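The structure appears below as structure tokens.
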Amino acid sequence: MLTPALEPCPYSRHSVIAQRSASKGMSWEDTIAQAAEVVHRARYVVALTGAGLSVESGIPPFRGPGGLWTKYGEPPLNGFQRFLADPKKAWEERLNPSGPMRELWETLVRAQPNPGHYGLVELERLGVLRCTITQNVDNLHRRAGSELLAEIHGNATLVRCLSCVRRMPMEAVDLSQLPPTCPECGGLLKSDTVSFGEPIPPDVLRRCQEETARADCMLVVGTSATVYPAAGFPLDVHQRGGALVEINPYETELTPYCTVTVRAPAGEALPKIVEAVRLLRGR
Ligand SMILES: [Zn+2]
């Protein structure tokens, strides 16, 4: 499902900045206020979200306690190559899922966006948040109303043409013959979800890189930011002198680089931050 490249952090030499976290020893209210201040002062805010945000919507993570891979075992790391070797079989499995994929689909159908998703939508509508880069494939950002969205690992409800990179909803695809082909160019269609071993589609990767390059503040929400290339985005912002605001109940490898760390679930923290940003903007 997710791109597996778990490479060592190439920026670890910067760990001397580790103690910059101004949120140390601060009260919850002060931390929220400081996070809002940083967001308010920024010129171009981009969010990076990950599995933690989905977990708050009841979607199990892939790894860790209760994780799908923990329960069923890690999927093959060459999922994309397997797809290419036998796309018909891969599609049959996709349409009649079993094991972890079945559990994931059943959960996805039931899941609803949480206040963290809606908080990001509000920041977007305030003109503060310019893009949400998500590693989640669950479609919850779109369902919450995010419009400035880059789904770096794809979207499980969409199908993508491997030739022209056109995306379409699963319902719009003619499945009478498997594997289905692109109505535009005749190319092979695959779930938009980026498989293990599959390169990130060039259009979304470019968009993520461009948005990251513009950002002087990144909200890092519910992600341990260890999966590349997404893990590199906050470090890029940090290296250029931008601010990182981490919202995560758990400490991550990124915590030492963050200007503010809000140690709470996004569903609790983001609505508070949005409220404070609104006040700062006088709206
Ligand atoms: Zn096509």
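What follows draws every value from the coordinates through simple rules; no lab data is involved. Being a predicted model, the structure only gives us computed values, none of them experimental. Using ideal geometry, Cβ is built from the backbone for each residue, glycine included, and neighbour counts are taken over all protein chains shown.
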- Message: Over the chain, how many pairs of lysines fall under 26 Å by alpha carbon, counting only those 8 or more apart in sequence or from different chains?
- Response: 5
- Expressed as a whole-number percentage, the relative contact order of the chain with C-alpha contacts under 8 angstrom and at least six residues apart is 31 percent
- How big is the gap, in Å, between the Cα center of segment 69-118 and the Cα center of segment 157-195? 16 Å
- Computed over segment 142-283, the relative contact order (Cα-Cα under 8 Å, seq sep at least six) in percent reads 16 percent
- Sort the following peptides by mean Cβ neighbour count (other Cβ atoms within 10 Å, averaged over residues), highest first: 108-119, 136-147. 136-147, 108-119
